[in-house]
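The values are calculated or read from the model by the stated rules, or taken from the named source; none is laboratory data. A quick note: this is a predicted structure, and the numbers were derived from the prediction, not measured. Glycine gets a Cβ as well: all are built from the backbone with ideal geometry, and neighbour counts include every protein chain shown.
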Amino acid sequence: MTATPESAERVHALLTDGTTVCVRHARPDDRKAVLRLYSEMSDANLRLRFFSVSRRSAEQAAARIAQPAGSGYHALVAERGGRIIGIAEYQAGPGNTAESAEISLAVGDGRHHRGVGTLLLEHLISAARAQGVRTFTADALAENHEMLKVFSDLGLHTERRFDGPEVHCVIPLEETEDYLRSVERRGRAADVASLVPLLRPRCIAVIGAGRRPGSVGRAVLHNLSTGEFTGQLYAVNPVARSILGVRAYAAVSALPRVPELAVIAVPAGEVAGVAEECGRFGVRALLVVSSGLDACQAKELLVACREHDMRLVGPNCLGLANTEERVRLDATFAAAHPAPGSAGVAVQSGGVGIALLGGLQRLGIGVSSFVSLGDKYDVSGNDLLQWWESDGRTDLALLHLESFGNPRAFSRTARRVTRRMPILTVDAGRTEAGRRAAASHTAAAATTTMTRRALFAQAGVTATRTIPELLEAAALLHSQPLPADGRVVVVTNAGGAGVLAADACAEAGLVLPPLPSGLVDDLLDVLPPGASTVNPVDATAAVSEGQLRACVDRLAAHDGIDAVLVVLVPTAVATATGDVLVKALTHASTRRARTLAAVLLDQDVPVRLLPSDNGRVPAYADAQAAARSLAHAVERARRLARPSGTVPVLEDVDTSRGRAVVDRFLRLHPDGGWLDPRACAELLGCYRIPQSPWAWVETEDEAAWAADRLKGPDGHVVLKAHWPGLVHKTAQHAIHLDLRGDAQVRAAFRDFDVRFGHVMTGAVVQPLAPRGIELFAGVVQDEVFGPLILFGLGGTATEVLADHAARLAPLTDLDAQSLITAPRCAPLLLGREGTRPLDLAGLEQLLLRLSRMASDLPQLAEADFNPVLARPEGVTALDTRLRLVPRHAPDPYLRRLR
């Protein structure tokens, strides 16, 4: 049997009912267990599986798992409680090409309708793709409706051909968007089901609650008790009979009822043993607030959870809460109960969790559920997003994630969820040192910060720099309609304050449009004498409550305005002083859905929500905070107005040949390395990435001959030296430009030979490129995030100006477009007065093909295209560097627990 890294390991995944199953590669010593699986099947199911009731067929099927490696056979089993409950196999043999394999599937009696077969097929498909299998075939009885439904529900296009009582199925294994959506849908249902014991338990036990005040376990028990948890609550303590009025028992096994959720607050060395005891007793979920577990203790804890089918939050966490009326669960040791509401909060840091809960409470924004993930051994932010998507209560998601277990799965989930609710996060760790000393321009540009920001940008997550900024943005997004665009009018009773607010808006990327004459006349009719109706609108210190209200109403009713920002300073000039003006603001009718925000310069808190006739209005103490929040809202509105984008199908690429190039290089260089120019050109050709004409030369005569053949209309060529490990040719003075004629070419080659002859393996001759914009494109494979595509200004200015943007592969068409327009140099690409725009479609194609190459070839550690020459007539990669390493990337969309 040929085992891929993906299938050779034991992985755990969720079934549709939220329970856990282990999926692993079948071993020869599984023969008896597989035979038992078949022997316990009913005659009816045996007939559906083998087309007869012959037990001989079952014995032959069980014996197949002992086939030798390289036989084209591959089998995966699903295991639960030490028993094999399902098996999926494929065989590439007689009658099948190397890219086609016949599959079979069997699930034990009593295990149907829980997703065992579908889960096994998903993992088998992933393993088959890794081995180059492109098509599955399967035969089934026409009456085997359940099996045929499993095939059709996969999300892959299944062709059926009926032949008497049998159906022949052909299933192409191409990873389509329909397939990924189907996998996501099944994963979401299983994920949510698995979290029910955690977030909606009917019975909880707190293990480690002490009798003396000050212990974490006692604090959690106190919050559960005083929070009026609606279910049954127990404590586990070896000596106490009762703690805080809650009945206590000496051990988990002594409890009168099996709790769905156990809160563990014992010393680190005892955690794994308590978890094992909980698992044996039938507990379904653990919340571990204990900290300080070492690597061995951590592994034992997670093994207990997987073996006994328990989801885990923590360890080293603040706890969790669910404010649903039917649950009223506060299993935290926070100082106060979270108020019920519609904001979902998930954090890794307990301190950040306390800060967010406190900030939301000050704003009057209640919480739907709160989970402190702690060290995040199991339950992650991705799990919580799916819970909030389906809980029927949450309409705002706040995240603080210090790490990502599966960023690409998170990105797909967040893209979907953010269409329904805002997702806000703190972009933590922005100052972490980047890899500036890396070997190539691409690696030098690709910092952790850039990678994380690419993830947030593509996923539609609103990333803020600080917790206060997150709360400021949350206040506006939670209380106000989204602006259609970034056109803002500032209204103030103090001209200087209005100017500062206008500056803040402009710096945040918002636009203050001039007001049309008709609107100006309307405003002058309602404002005091001396008012200025340019934007910002200075209503003067004499403005009254009614005048301010009328002004805001007229602005909000105008179609050319998306948001109104009212900046107020308390004065004693008019009877309508500070508080009265605020009242006018909150009573403004705003008949149309316009975004309304205020800046109250005498306010002593950063942001608060003022009750108004139309809901609530966010009021900021600082104009910059208000402008930032409006900018976040504008960006979200624009994102929602755009289609989701699709990953284009590039039918002219030759992935198989590209993989062959990689395999050939790594056979010769087992540790990996930089490809020589010939191999680079061959790999780029597989993906139809446009390159400048070139020739490889190893002698002076060959250089002269190639130059004569390749010279352009002006007769000039370029000569580039090459040796293994050379990356920055300019820094090494290993390039001669603007060579003309046989003598100059020969002299340049001799110069290389004198300086680099001891290492140089050859040189590349190219025609001198015409004038154009020099750009930069590249790839870095991140071990966690996958391939990152970079784009920006190229040439010698690449690292000096650092004008780059990045997106994670695979790029959608919209990702590629946004990548082109993101760098500061983008206006140069769009054409200026008297010049034509560059070939933007060609740039987009180059980035999409680079993305496809990086996605197909996980061994591509770095790709460095610098410069890429962009002209109105086309786009060409002039110089390319590719580095390969032996690497197998796990399938990011394969359903599996951490």
Qualifying positions in the stretch 815-845 - among the hydroxyl-bearing types (S, T, Y) and in contact with a strand residue (DSSP E or B) (Cβ under 8 Å, 6 or more places away or on another chain): S818
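Out of A130, A101, report the one residue that is among the small types (G, A, S) and buried (at least 21 other Cβ atoms within 10 Å of the Cβ).
Answer to the selection: A101.
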Can you tell me which residue within the stretch 230-251, out of those that are of a type in the set (S, T, Y) and assigned to a strand (DSSP E or B), is nearest to the chain's Cα centre (by Cα)? Y234
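Taking the stretch 198-215, which residues are farther than 18 Å from S368 by Cβ and surrounded by fewer than 21 Cβ atoms within 10 Å (Cβ to Cβ)? Reasoning before the result, please.
Residues of the stretch 198-215 farther than 18 Å from S368 by Cβ: 202-215.
Scanning the stretch 198-215 gives R202, C203, G210, R211, R212, P213, G214, S215.
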If you go through the stretch 252-290, how many residues are assigned to a helix (DSSP H, G or I) and either crowded, with 16+ Cβ neighbours inside 10 Å or of a type in the set (S, T, N, Q) (or both)? 12
Being touching a residue at least 60 places away in the same chain (Cβ under 8 Å) and aliphatic (A, V, I, L, M) is the filter here, so list the residues in the stretch 536-572 that pass it. V552, L555, I561, A563, V564, L565, V566, V567, L568, V569
When the stretch 591-612 is examined, which residues are found to be closer than 14 Å to A494 by Cβ and of a type in the set (V, I, T)? V599
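I'd like the full set of residues that are part of a loop (DSSP other than H, G, I, E, B), farther than 18 Å from I365 by Cα and touching a Phe, Trp or Tyr at 6+ places or on another chain (Cβ under 7 Å), limited to the stretch 380-414. Show your work before the answer.
Of the stretch 380-414, the ones part of a loop (DSSP other than H, G, I, E, B) are 380, 391-395, 401-406.
In the following step, the residues that additionally are farther than 18 Å from I365 by Cα were identified as 380, 401-406.
Correct list: F404 only.
Among the residues of the stretch 482-538, count how many are outside any helix (DSSP H, G or I) and either touching a His at 6+ places or on another chain (Cβ under 7 Å) or closer than 18 Å to I561 by Cα (or both).
Looking only at that region, the number is 27.
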Examine the stretch 147-154 for a residue that is of a type outside the set (K, R) and in contact with a Lys or Arg (Cβ under 7 Å, 6 or more places away or on another chain), and state whether such a residue exists. no
Mind checking whether some residue in the stretch 879-895 is touching a helix residue (DSSP H, G or I) at 6+ places or on another chain (Cβ under 7 Å), surrounded by fewer than 23 Cβ atoms within 10 Å (Cβ to Cβ), of a type in the set (S, T, Y) and outside any loop (DSSP other than H, G, I, E, B)? yes
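So, in the stretch 770-792, of the ones that are among the aliphatic types (A, V, I, L, M) and over 28 Å from F404 (Cα atoms), which residue ends up surrounded by the fewest Cβ atoms within 10 Å (Cβ to Cβ)? Don't jump to the end; show me each part of the working.
Quick first cut of the stretch 770-792, residues among the aliphatic types (A, V, I, L, M) only: 773, 775, 777, 779-780, 784, 788-790.
Next, from what is left, pick out any that are over 28 Å from F404 (Cα atoms): 773, 775.
Numbers: I773: 18, L775: 28.
Across the stretch 770-792, the extreme among qualifying residues is I773.
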Go through (1) surrounded by 14 or more Cβ atoms within 10 Å (Cβ to Cβ); (2) more than 29 Å from D383 (Cβ to Cβ) one by one and return the number of the condition L195 breaks. (2)
Among residues of the stretch 707-734, those that are surrounded by 17 or more Cβ atoms within 10 Å (Cβ to Cβ) and not in a loop (DSSP other than H, G, I, E, B), counted: 9
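Quick grid of which residues meet (1) among the charged types (D, E, K, R); (2) touching a residue at least 40 places away in the same chain (Cβ under 8 Å); (3) in contact with a Cys (Cβ under 9 Å, 6 or more places away or on another chain):
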site: A272; (1), (2), (3): no, no, yes
site: E277; (1), (2), (3): yes, no, no
site: D294; (1), (2), (3): yes, no, no
site: V313; (1), (2), (3): no, yes, no
site: A321; (1), (2), (3): no, yes, no
site: A339; (1), (2), (3): no, no, no
Check on H112, part of a loop (DSSP other than H, G, I, E, B) and either in the same structural domain as E40 (by TED's automatic domain parsing) or within 27 Å of the chain's Cα centre (by Cα) (or both): yes
In the stretch 851-875, anything among the polar types (S, T, N, Q), crowded, with 22+ Cβ neighbours inside 10 Å and not in a helix (DSSP H, G or I) is listed as N866
Against the definition (in contact with a strand residue (DSSP E or B) (Cβ under 9 Å, 6 or more places away or on another chain) and surrounded by 18 or more Cβ atoms within 10 Å (Cβ to Cβ)), how does L848 come out, yes or no? no
Exception for A235 within (1) surrounded by fewer than 19 Cβ atoms within 10 Å (Cβ to Cβ); (2) farther than 22 Å from F370 by Cβ falls at (1)
Scanning the stretch 163-173 for residues that are exposed (fewer than 13 other Cβ atoms within 10 Å of the Cβ) and assigned to a loop (DSSP other than H, G, I, E, B), the one modelled with the lowest pLDDT turns out to be G164
Can you tell me which residues in the stretch 691-706 are surrounded by 16 or more Cβ atoms within 10 Å (Cβ to Cβ) and in a loop (DSSP other than H, G, I, E, B)? S692, W694
So in the stretch 400-424, with the set limited to residues that are surrounded by fewer than 20 Cβ atoms within 10 Å (Cβ to Cβ) and not charged (D, E, K, R), which one is farthest from L357 (Cα to Cα)? G405
Qualifying residue in the stretch 291-301 (condition: over 25 Å from the mean Cα position of the chain (by Cα), surrounded by 22 or more Cβ atoms within 10 Å (Cβ to Cβ), small (G, A, S) and not in a strand (DSSP E or B)): no
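Let's see how each residue does on (1) surrounded by 20 or more Cβ atoms within 10 Å (Cβ to Cβ); (2) at negative phi; (3) small (G, A, S); (4) assigned by TED's automatic domain parsing to the domain that holds P611:
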position	(1), (2), (3), (4)
A335	no, yes, yes, no
V347	yes, yes, no, no
G353	yes, yes, yes, no
G358	no, yes, yes, no
V367	yes, yes, no, no
V371	yes, yes, no, no
L385	yes, yes, no, no
S390	no, yes, yes, no
D395	no, yes, no, no
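Any residue at all in the stretch 681-690 that is touching a His at 6+ places or on another chain (Cβ under 8 Å) and crowded, with 16+ Cβ neighbours inside 10 Å? If you could, list the steps in order and put the result at the bottom.
Within the stretch 681-690, the first condition is being touching a His at 6+ places or on another chain (Cβ under 8 Å), and the residues that meet it are none.
No: zero hits.
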Please work out which residue is nearest to H478 (Cα to Cα), limiting yourself to the stretch 609-667 and to residues that are loosely packed, with under 15 Cβ neighbours inside 10 Å and of a type in the set (A, V, I, L, M). L640
Filter the stretch 500-514 down to residues that are free of Cβ contacts under 8 Å to residues at least 40 places away in the same chain and under 23 Å from A550 (Cβ atoms) and give me whichever is surrounded by the fewest Cβ atoms within 10 Å (Cβ to Cβ). P514
